[in-house]
Amino acid sequence: MNQSFEKEKYAPIGVFDSGVGGLTVAREIMRQLPQERIIYFGDTARVPYGSKSRETIVRYSRQIIHFLESKGVKAIVVACNTASAFALEALRPEMKMPIIGVVKPGAKVAAEITNNGRIGVIGTEGTVGSHIYTEMIHRHNPRASVLGKACPLFVPLVEEGWLKDPVTIEVAKRYLAYFQESDIDTLILGCTHYPLLRSMIGEIMGGKVSLVNPAYETAQGLKRLLAQHGISNDGKEEKEPMYQFYVSDAAEKFKNFANSILPCEIEEAQLIHIEE
Ligand code: DGL
């Protein structure tokens, strides 16, 4: 292995999202790649991304990638489904380092595990409207039929902490009724926040529908990507800190949410001005 790879493998991975939701992806990376360091950026000043235009999301994502590059990351994970849908392919040609989004890994697994070729996708308006999951699923399974449903209220309900609240159950029932006659056997949780509602969604959909969590699949994909590039951290050189968090607003609120879902305690989230 050449020297630059040798050094690079101890660099952190940059993970970004529109806010707290991408912590579900960071959590999977922490679980599956415990030797990897992470620099996380949550764009809490400009959340939500799910209702914004493609141009805006590309601009925001480019700024964040530049910030993460300035921190010396070795690879980037676009943890946000909407940013993966709108910005990933637009920005890939500008990138010198490996980059992975959450859509492709989730779509691939759904295409592989469906028995009847009928797949549902739930996500933000942006993700569902982009039809990116359909496109990616068809790359693996051109005959699959894909049905998308935007569930915008899930994001504020999760951020309110109402994970098992009767209101959230009612909202979920109304959204998911859309799939009632569709005979889907697989449902992609195509938004960062939805894995936190997984058990509720599973109960409503019933045992015959498999749920795909793109966060889990992305961590698997990241593991393969780092290995392909020869930059997996072997854990031999211990560098601190393991995890660093940056946000564009409301650092304290972010920290509290992070501490409610991460397997580790975070001490601070640093505030930065991403537009500058
Ligand atoms: N992170 C976004 C996503 O996965 C959800 C929140 C938002 O709309 O910004 O699409």
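The values are calculated or read from the model by the stated rules, or taken from the named source; none is laboratory data. The structure presented is a predicted model; accordingly, all values stated were derived computationally and were not measured. Cβ atoms come from the backbone with ideal geometry, glycine included; neighbour counts cover every protein chain shown.
Would you confirm, using the coordinates I've provided, whether Gly161 is at pLDDT 95 or above, of a type outside the set (Ser, Thr, Tyr) and either more than 18 Å from the chain's Cα centre (by Cα) or not in a helix (DSSP H, G or I) (or both)?
Numbers: at pLDDT 95 or above: no; of a type outside the set (Ser, Thr, Tyr): yes; either more than 18 Å from the chain's Cα centre (by Cα) or not in a helix (DSSP H, G or I) (or both): yes.
For Gly161, the condition - at pLDDT 95 or above, of a type outside the set (Ser, Thr, Tyr) and either more than 18 Å from the chain's Cα centre (by Cα) or not in a helix (DSSP H, G or I) (or both) - is not met.
Of all helices (runs of 4 or more DSSP H) completely enclosed by segment 1-71, which ones contain at least 3 residues that are away from the ligand (no atom under 16 Å from the Cβ) and out of contact with any helix residue (DSSP H, G or I) (no Cβ under 8 Å at 6 or more places or on another chain)? Working first, answer last.
Numbers: elements: 3-8, 23-32, 54-70.
In segment 1-71, 3-8, 54-70 are the helices (runs of 4 or more DSSP H) which contain 3 or more residues that are away from the ligand (no atom under 16 Å from the Cβ) and out of contact with any helix residue (DSSP H, G or I) (no Cβ under 8 Å at 6 or more places or on another chain).
Could you check segment 61-70 and list, in sequence order, the residues that are in contact (Cβ under 8 Å) with a residue 60 or more places away in the chain and in contact with a Phe, Trp or Tyr (Cβ under 9 Å, 6 or more places away or on another chain)? Step through it out loud before you land on a result.
Quick first cut of segment 61-70, residues in contact (Cβ under 8 Å) with a residue 60 or more places away in the chain only: 63-64, 67.
Within segment 61-70, Ile64, Phe67 meet the criteria.
Applying the selection to segment 91-138, what residues are within 16 Å of the ligand (Cβ to nearest atom), crowded, with 19+ Cβ neighbours inside 10 Å and in a loop (DSSP other than H, G, I, E, B)?
Once the filter is applied, which keeps residues that are within 16 Å of the ligand (Cβ to nearest atom), crowded, with 19+ Cβ neighbours inside 10 Å and in a loop (DSSP other than H, G, I, E, B), segment 91-138 yields Val102, Thr124.
If Lys255 passes every condition in (1) more than 20 Å from the chain's Cα centre (by Cα); (2) modelled with pLDDT of 95 or more but one, which one does it miss?
Among (1) more than 20 Å from the chain's Cα centre (by Cα); (2) modelled with pLDDT of 95 or more, Lys255 violates only (1).
Determine the pairs where a residue that is more than 15 Å from Arg118 (Cα to Cα), located within segment 184-200, has a partner that is more than 14 Å from the ligand (Cβ to nearest atom) and among the aromatic types (Phe, Trp, Tyr) with Cβ atoms under 9 Å apart, the partner being 6 or more residues away or on another chain.
Listed pairs, sorted by first residue: Pro195/Tyr216.
Please determine whether any residue of segment 212-224 is within 16 Å of the ligand (Cβ to nearest atom), in a loop (DSSP other than H, G, I, E, B), within 25 Å of Gly126 (Cα to Cα) and not basic (Lys, Arg).
yes
Residue by residue, here is whether (1) surrounded by fewer than 18 Cβ atoms within 10 Å (Cβ to Cβ); (2) in contact with a Lys or Arg (Cβ under 8 Å, 6 or more places away or on another chain); (3) touching a residue at least 60 places away in the same chain (Cβ under 8 Å); (4) of a type outside the set (Ser, Thr, Tyr) holds:
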site	(1), (2), (3), (4)
Gln220	yes, no, yes, yes
Gly230	yes, yes, yes, yes
Asn233	no, yes, yes, yes
Val247	no, no, yes, yes
Glu252	yes, no, no, yes
Phe257	no, no, yes, yes
